[in-house]
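The values are calculated or read from the model by the stated rules, or taken from the named source; none is laboratory data. Note that the coordinates shown come from a computational prediction; the quantities given were computed from them, not determined experimentally. In this analysis, Cβ positions are derived from the backbone assuming ideal geometry, glycine residues included, and neighbour counts consider all displayed protein chains.
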Amino acid sequence: MSVPADPQHGVPFGVDVRRDGPVTTVTPEGEVDLATAAELEAAVGEMPSGGRCVVDLRRLAFMDSAGLRAIMRLDLRGREEGWALVVVPGDGMVRRLLEVSRVGDRVTVVDAPEDVE
Amino acid sequence: MSPASRGASHPLRRTVPAVPACVAGLRADAAGYLAAAGAPPELTEAVRLAVSEAVSNVILHAYPPDDDPGPVHLVVEVSRGTVHVTVADEGRGIAPRFDSPGAGLGLPIIANVATRLELGPAGEAGTELRMSFDGLAA
């Protein structure tokens, strides 16, 4: 049996989705990798043109490039369909992953969902 | 056997079928092994990410998508303050693949978080990615 490296480790993957008019907030928890990234991407669902999708990654214990690819595909989808993707990475490993991969330069990143105008 | 009872001087060795569901377990095993070795959180985070990327590369690239998945081998070892991680497959080797899934993010991420990175053939077939990470108190 493994020793969890941090208390958040081992939280099963899940996604909370809240739709409020034009704004959809998607909040995954647990770990995003090759096994779970498609579920994160699919959770966004249909988006209205002119809407905004906030992907709040602050509750994740882990994310790798499978999650980055999901974010980039969602960003591209938003550009094609006329809605905006906003990513909230928090200040932990997800933010460092966005910086290391430079994906943070290509998508809209905010510190908190309420920072979106 | 727990990582603590195994002791950090013995390598962690895992061989599992290369399927998406295996990534989290291998990542957790590597992190648990390093925690037992007294690794600081930032080092454990780097290794956890690198293992995840390297194992995902095997799943995405090593074996033809329609075949039964082949194995992925993980070895994690601590030696004189350095963590050595090897991820190997028995697949089709390093070759251009024009239908490649993924955005080519994995290796650059590993190169960024690891101290050293070496990619080469493994045995008669397959590919081996050798990574090392400084930052463990000797």
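Residues in segment B:27-46 that are more than 10 Å from chain A (Cβ to nearest Cβ) and crowded, with 21+ Cβ neighbours inside 10 Å: B:A37 only.
Residue count for segment B:108-123, restricted to those that are surrounded by fewer than 17 Cβ atoms within 10 Å (Cβ to Cβ) and within 11 Å of chain A (Cβ to nearest Cβ): 2.
Per the conditions (1) at pLDDT below 95; (2) at the interface with chain A (Cβ under 9 Å from one of its Cβ atoms), the sole criterion not satisfied by B:V55 is (1).
Taking segment B:58-67, which residues are in contact (Cβ under 8 Å) with a residue 24 or more places away in the chain and not hydrophobic (A, V, I, L, M, F, W, C)?
B:H61, B:Y63, B:P64
Take segment B:79-105 and flag every residue that is of a type in the set (A, V, I, L, M, F, W, C), touching a strand residue (DSSP E or B) at 6+ places or on another chain (Cβ under 9 Å) and at pLDDT below 95. Selection gives B:I94 alone. Restricting attention to segment A:9-39, which residues are more than 15 Å from the chain's Cα centre (by Cα) and charged (D, E, K, R)? Result: A:R19, A:D20.
With respect to the conditions (1) within 11 Å of another protein chain (Cβ to nearest Cβ); (2) over 20 Å from B:A31 (Cα atoms), A:G82 lacks only one, and its number is (1).
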